[in-house]
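K.L.:
Structure provided below as structure tokens; questions to follow.
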Amino acid sequence: MTRLQGKHAVLTGAAGGIGLAVAEAYVREGARCTVADIGKVPTPALLALIAAHPDTVHYVPTDVTRSADIDALVAAAVARFGGITTLYNNAAIFDMAPLLESNEAMYDKIFAVNVKGAFFVMQKVLAHMVAAKVQGGAVINMASQAGRRGEALVSHYCASKAAIVSYTQSAALAMAPHRIRVNGISPGVIATPMWAHVDALFAKYENLPLGEKKKRVGEAVPLGYMGDPIDICGAAVFLASDEASYITAQTLNVDGGNVMS
């Protein structure tokens, strides 16, 4: 369990769900982890991880829509654990509405976090890696199966995740001369706490009983069930490790077969 020994990973959106599961996996594999989320204090689950690993896990409250917060995150990470070798770029939000009812406020909020925030976290961490001449640098951007195709009720979120796939490709080409790899993960339907919110929105707009949308999307997956946050960890560890040293500019589908590419 030392595939990430010597690595220092910064993980955003790490308070719960997939981000927390990946943080736990990175710690198990030997990485030092600077974990970030918007809350002023860690969630109980994240606090438990920090308490169990006080010498290798450090929390930095971060609003990724604020440039000063991103700068502070990078500075705090370097001050605590030294040069950053790995970024797990995960912070994101979800909302939805019929296309003709969607408003500018929803658009601005989703793109501020999912696109602007993700890009500038990536940019500032990459700038640190280049300046520090980090060896084996790796960025993993979190996209989504929603970024592979449109959905009538989810236009802004789909577009925001399509942007992540594109930024991953562009950044990978820009960083190739520095031997820094940039890849993405595109999860399918994953049973995180956020799904209660997602399911309620689908119930509202599709006139479904609560829980019905979650049930249907799980059954529609070729493997027959929704994924669990732990199902993302294998790909996240692999792409951060030296085993993936010849892989860059790729976005890996981890979705039970929902998207074929």
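The values are calculated or read from the model by the stated rules, or taken from the named source; none is laboratory data. For clarity, every value in this text was computed on a predicted model and none was experimentally measured. Because the Cβ atoms are built from the backbone with ideal geometry, glycine has one as well, and the counts that use them run over all protein chains shown.
K.L.:
What residue, among those in the stretch 19-49 that are touching a Phe, Trp or Tyr at 6+ places or on another chain (Cβ under 6 Å) and not charged (D, E, K, R), is farthest from Val121 (Cα to Cα)?
P.N.:
Per the stated criteria, the residue is Pro42.
K.L.:
In this structure, is Leu153 within 24 Å of Phe111 (Cβ to Cβ) and of a type outside the set (Asp, Glu)?
P.N.:
Answer is yes for this residue.
K.L.:
Looking only at the stretch 142-185, count how many residues are assigned to a helix (DSSP H, G or I) and aliphatic (A, V, I, L, M).
P.N.:
Qualifying residue count for the region: 12.
K.L.:
Considering only residues of the stretch 1-55 that are part of a helix (DSSP H, G or I) and of a type in the set (Val, Ile, Thr), which is nearest to the chain's Cα centre (by Cα)?
P.N.:
Result: Ile18.
K.L.:
Restricting to the stretch 204-259, what's the tally of residues that are in a loop (DSSP other than H, G, I, E, B) and charged (D, E, K, R)?
P.N.:
2
K.L.:
Going by what's in this entry, would Val64 be described as within 20 Å of Asn114 (Cβ to Cβ) and modelled with pLDDT of 95 or more? Lay out the reasoning, then the answer.
P.N.:
Numbers: within 20 Å of Asn114 (Cβ to Cβ): yes; modelled with pLDDT of 95 or more: yes.
So Val64 fits the description; yes.
K.L.:
Go through the stretch 118-152 and report how many residues are over 15 Å from Gly184 (Cα atoms) and touching an Asp or Glu at 6+ places or on another chain (Cβ under 8 Å).
P.N.:
Counting residues in the stretch 118-152 that are over 15 Å from Gly184 (Cα atoms) and touching an Asp or Glu at 6+ places or on another chain (Cβ under 8 Å) gives 2.
K.L.:
For the stretch 98-141, which positions are closer than 30 Å to Asn207 by Cβ, of a type in the set (Gly, Ala, Ser) and without any contact (Cβ under 8 Å) to a residue 24 or more places away in the chain? If you could, list the steps in order and put the result at the bottom.
P.N.:
Pass one, the stretch 98-141, residues closer than 30 Å to Asn207 by Cβ: 98-111, 113-114.
Add one more test, that the residue is of a type in the set (Gly, Ala, Ser), and what stays is 102, 105.
Within the stretch 98-141, Ala105 is the sole residue that qualifies.
K.L.:
Just to be sure I understand the filter: pairs with C-beta atoms under 9 Å, separated by 6 or more residues or on different chains, first member in the stretch 231-250 and under 20 Å from Gln169 (Cβ atoms), second member at pLDDT below 95 and surrounded by fewer than 16 Cβ atoms within 10 Å (Cβ to Cβ). Which pairs pass?
P.N.:
Filtered contacts from the stretch 231-250: no entries.
K.L.:
Hey, among the residues in the stretch 122-158 that are within 14 Å of the chain's Cα centre (by Cα) and over 18 Å from Phe94 (Cβ atoms), which one's surrounded by the fewest Cβ atoms within 10 Å (Cβ to Cβ)?
P.N.:
The qualifying residue surrounded by the fewest Cβ atoms within 10 Å (Cβ to Cβ) is Met122.
Rundown of residues vs (1) hydroxyl-bearing (Ser, Thr, Tyr); (2) at pLDDT 95 or above; (3) surrounded by fewer than 21 Cβ atoms within 10 Å (Cβ to Cβ); (4) in contact with a helix residue (DSSP H, G or I) (Cβ under 6 Å, 6 or more places away or on another chain), yes/no style:
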| residue | (1), (2), (3), (4) |
| --- | --- |
| Gly184 | no, yes, no, yes |
| Lys215 | no, yes, yes, no |
| Met226 | no, yes, yes, yes |
| Cys233 | no, yes, yes, yes |
| Ile247 | no, yes, yes, no |
| Gly256 | no, yes, no, no |
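K.L.:
Still on this structure, I have one more. Among the residues of the stretch 72-92, is there at least one that is at pLDDT 95 or above, farther than 23 Å from Val134 by Cβ and crowded, with 18+ Cβ neighbours inside 10 Å?
P.N.:
Looking through the stretch 72-92, at least one residue is at pLDDT 95 or above, farther than 23 Å from Val134 by Cβ and crowded, with 18+ Cβ neighbours inside 10 Å.
K.L.:
Quick one: in the stretch 112-121, of everything that is of a type outside the set (D, E, K, R) and surrounded by fewer than 19 Cβ atoms within 10 Å (Cβ to Cβ), which residue is nearest to the chain's Cα centre (by Cα)?
P.N.:
Within the stretch 112-121, the first condition is being of a type outside the set (D, E, K, R), and the residues that meet it are 112-115, 117-121.
Filter once more, keeping what is surrounded by fewer than 19 Cβ atoms within 10 Å (Cβ to Cβ): 112, 119-120.
Numbers: Ala112: 15, Phe119: 12, Phe120: 14 Å.
Among residues in the stretch 112-121 that are of a type outside the set (D, E, K, R) and surrounded by fewer than 19 Cβ atoms within 10 Å (Cβ to Cβ), the one nearest to the chain's Cα centre (by Cα) is Phe119.
K.L.:
I'd like the residue in the stretch 159-182 that is buried (at least 22 other Cβ atoms within 10 Å of the Cβ) and within 28 Å of Glu212 (Cβ to Cβ) and, out of all such residues, is nearest to the chain's Cα centre (by Cα).
P.N.:
Narrowing the stretch 159-182 to residues buried (at least 22 other Cβ atoms within 10 Å of the Cβ): 160-161, 164, 168, 171, 180-182.
Restricting the remaining residues to those that are within 28 Å of Glu212 (Cβ to Cβ) gives 160-161.
Details: Ser160: 13, Lys161: 11 Å.
In this case the residue turns out to be Lys161.
K.L.:
Looking only at residues in the stretch 186-203 that are surrounded by fewer than 19 Cβ atoms within 10 Å (Cβ to Cβ) and not in a helix (DSSP H, G or I), which one is modelled with the highest pLDDT?
P.N.:
This residue is Ala191.
K.L.:
Could you grab me the full set of residues in the stretch 56-84 that are assigned to a loop (DSSP other than H, G, I, E, B) and within 16 Å of the chain's Cα centre (by Cα)?
P.N.:
Correct list: Thr62, Asp63, Val64, Thr65.
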